[in-house]
1. Using the alpha-carbon atoms, what tilt in degrees (0 to 90, nearest 10) does helix B:98-107 show relative to the longest principal axis of chain B?
2. Across bins of 10 angstrom width beginning at 0, how are the C-alpha pair distances of the protein assembly as shown distributed, in whole percent?
3. Tell me which residues come under 5 Å, amide H to amide H, from B:ASP348 once H is placed; ignore anything under 5 positions away on its chain.
4. Specify the residue with the greatest mean-square fluctuation among B:ALA340, B:ALA151, B:ALA121, computed from a Gaussian network of chain B linking alpha-carbon atoms under 10 Å apart.
5. Considering only protein heavy atoms, what per residue accessible area in square angstrom results for segment A:75-343 with a 1.4 angstrom probe?
6. Given contacts defined as C-alpha pairs under 8 Å and at least six residues apart, what's the relative contact order of segment B:242-363, whole-number percent?
7. With heavy atoms of protein chains only and a 1.4 Å probe, what residues of segment B:70-92 have at least 40 Å² less accessible area in the full set of chains than alone?
8. Specify the residue with the greatest mean-square fluctuation among B:GLY58, B:GLY259, B:GLY29, computed from a Gaussian network of chain B linking alpha-carbon atoms under 10 Å apart.
Amino acid sequence: MTVATRVAAGLPQRSTAWSSGVARYGRPIGLAALVLMLGFLTVYPMAMLLYGSLHSTPPGIPGTFNIDGYAGLLTSETLIVLANTVGLSLIKTILSLALAVLLAWIIARTDTPGRGVLEVLITLPFFIPPILTATAWAMLGNAQVGTINLAWRWLSGTDGTLIDVYSYGGVIWHMMQYSTPFIFLFVVDAFRAMDPALEESSRMSGASRWQTFWRITFVLMLPVTSSAFILSFIRGMESFESAVFFGTPVGINVITTTIYNSITQRAQPDYQSATALGFAAMALMFVLLVLQSRMLRGKNFATVTGKGYAPNVTRLGALRWLTFAICIAFFLATVVLPIGQLLLSSFFQFFGFYQLDMLTLDHYRSVWRNRDFWTSFGNTLLLGVSGATATMALGAIVAYVTTRTRWPGRRLIDLLAWLPWMMPGMVLGIGFLWGFASLPHAIPIYGTLWALLLAYLALGTPVAVRVASAAYQQIAADIEECSRVHGAGWWQTLWRILVALAWPALAVGWVLIFFGIMRELSASILLYAPGTEVLSVTMLKMWSGGKPEEVSVVGLLMLAMVLLFRWLQLRFLQRRIRTL
Amino acid sequence: MPSVVLQSVGRRFGEVAAVDDVDLTVGHGEFVTLLGPSGCGKTTTLRMVAGLERNDSGHIAIGGKVVSDAPANLFVPPDQRNLGMVFQSYAIWPHMTVFDNVAYPLSVRRAPKSVIGERVAAALRLVEMERFADRPAPMLSGGQQQRVAIARALVFEPEVLLLDEPLSNLDARLRAQMGEEFRALQRRLDITTLYVTHDQEEAMALSDRVVVMQRGRVLQDGPPETVYRRPASRDVASFFGTPNFIEASVRSCRADGDGYVLEIEGSEGRGACRAARPFEPGSAVVVVVRPEDVTLAAQQAAENGQLVWQGKVMAATFRGARRTLVVETGTGKLAVECPANRAAAIGDGVTLRVDAGHAWAIAA
Ligand SMILES: Nc1ncnc2c1ncn2[C@@H]1O[C@H](COP(=O)(O)OP(=O)(O)OP(=O)(O)O)[C@@H](O)[C@H]1O
Ligand SMILES: [Mg+2]
């Protein structure tokens, strides 16, 4: 007998008393801490929002309770704002969905050349902060001095105007640049992972290619596309940048810009009506999200399996160059044009006047010397790194509790972590604004970087939870149980098995949340104070201050950061995930 | 001292009693198999021994130490029970090499490096996997993964080894081979083993003792031959193959050796059979007759005490070495198994006989 001598005798024994004490008291204390923390991040701002909408004055100032805020919403003006919000988002979602499904089909199911590279290019706009493309398009599509119109006049010899982004169309087009890759990312894997046998058996049953598409492929993709549709629709209604850049100047207002204007752009900020509108917006989101889960209940995504099928690839023949051109055109319009514009305007004295003698490096110099810029750059990096780390850690813990344990209270935790889905950044911003302002003075969060960090934490948590629980679901339960049986304690198993297996996915989640924080504008714009600006806020302030050329410089710098992180993610993380 | 003791152990999932009042003892070095149809509570029982599931009644002891006592609310977590376990999916950790997988039970207990190296090498040698030590775990075939899982379960020289359908992912040939290898290893190391399977042949081939379960309860507990030849109930009998059940009534009953001999009367005359307990004359019994125990005879001359039927062959199925016949008799259709070269064409008239020692009576 080779393994006969007992190893256990010579090994230190864990103290049983200690571990049973941890099991008895550690778990309830940990759970209570988690519930309190999530409650502070979600229920607290919601409650303060409700309070603010019913109270006549800002927190700390004596006032009365009334429903003037809600009564004030019952005007035709509000109706138009609501119609704008819903209508704009609906149209842009329909258009984006059509485009995204076409692109997903091209990438996943055809023999278009260079699909691997095209996929990276197509998804790039998702990672570019909208404020960056917004400033670029404001310079590209300005009716008077926009580069596109200048080029058109020069080419056609007329002095007509080709496009004007300060319009409904402009708002929609700008939203689409973000939402098309969003939907694409959502659906492309479903297209790719579909079991070809499902389609083949339809063909074998005598259905034509066309019938097969409508009766099998389309129906199987319906759950994924419809949930992408609803999510994108909700994101559209929460969006702020497109409307504040291209709508507000010409009187097109949506919910987020109305809230923003009534707080920051008036001599006497109207907090009550802003919070009332915010609360109403939240209710609307809630209805939509409930609708979504109703619609998707009972539909499974079982077509998307982990197995490595080689999907049915359609041979397009010469047409594949057309599909190739479509992908390239999308990339040109959403990435190359805006970046080109930023480059162009950063080197000329004034954008719109592109003459050789106006070439200059002044803008770079002035940004370099701008203290506010460096402060906000540092803040963004600091908040991005710490926020992404904290959010992902919280998400990993919440997902663990809700998917891997049967602890009491896990449903409450799941619900609390889900709540921010229905809070647009702008609305969460006001909730926290009131929440932080009414905290006792001993807790100075208001006006500090903590305020922004907590808001980012709340906004990112649902994504982090989703990423982490998807990662855990890949790991079979017995992989963990096996570790317990073979002598590893709860913590050891958590670190050596679960985290060790899930970290690449968690790291991808980290990068996603980091991008989310860099992109964030609507909550930041309400919560920043002098000295705690972040890059997106600084860009908006510089833009409003009439320095579009310097904004271009800042935008390019931000873009360099985005590309760096995206490259790191693709280079080091994606590959690890594929192999695992 | 028995290695594993379960006393009136139960576990409910909501309304379902997954395991219901189970008593079970596994002696030191014994190989005991839990056998039963899908969903009968085998896995749940095993998981309660492992500490992965809490029993909500009864108590469990391992190596003489109570590890779980529901009334006293005592529960030792799985990592402190010193067990080895092989999971159905093998649960090989994909982010580690073969060596790291096997070393894990030692390294979580902070064994010194030298001890780890030595023991892991020895364990891998036992399962003939020493050449694969540095291989990343995902790059193994099913049979190799199974060996690694066994090495990992053995490396710590656990009190008890638990296995949940470890062979069900393998193809038929490898299954037979790995089963034999494992049984030889278990005998050599003299390690107490609790094994779960729903494959009756595997259970009979490997075990010292088989525990037949159904709907969370133990139906019968005994050596494979006993469970097969002397089933306690119709359910146990029909779990092994497709026996014939013949209704009859008892004429007389006498004790004989470790059981009883019954004189019975069916619709086609009389004969003798054995039973585990006495029956009142006149009471109804069901006689279990295995198809392979029925002999085809040319003429009617019955020896003393044999059960005899006349019939006609209705169907014949060729199974390689054997042929299965369905014979229509006065008592109904009987299944008969005979050597394949014993030609009996469909429509032939035949006489069937069964020795008293191969007919087993249970309560109707
Ligand atoms: N976690 C659980 N929650 C609810 N019911 C469960 C759970 N685990 C098992 N059950 C139920 O308990 C019963 C016994 O399950 P168990 O897994 O022990 O069966 P089994 O004998 O191992 O079956 P199989 O041969 O299919 O593996 C089944 O009815 C099952 O549905
Ligand atoms: Mg089972």
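The values are calculated or read from the model by the stated rules, or taken from the named source; none is laboratory data. Since the model is a prediction, treat every value here as computed from it, not as a measurement. Ideal geometry is used to build each Cβ from the backbone, glycine not excepted, and the neighbour counts take in all protein chains shown. Just so you know, the surface numbers come from the protein's heavy atoms only, side chains and all, with ligands and any DNA or RNA stripped out. Shrake-Rupley method; radii C 1.70, N 1.55, O 1.52, S 1.80 Å.
1. 80
2. 2, 9, 15, 17, 15, 14, 11, 7, 5, 3, 1, 0, 0
3. When sequence neighbours closer than 5 places are left aside, the close amide H contacts are B:VAL313.
4. Comparing B:ALA340, B:ALA151, B:ALA121 in the GNM, the peak value goes to B:ALA340.
5. Ligands and nucleic acids excluded, the figure is 44 Å² per residue.
6. For segment B:242-363, the relative contact order is 30 percent.
7. Buried on complex formation: B:PRO78, B:ASP79, B:GLN80, B:PHE87.
8. Top of the fluctuation ranking is B:GLY259.
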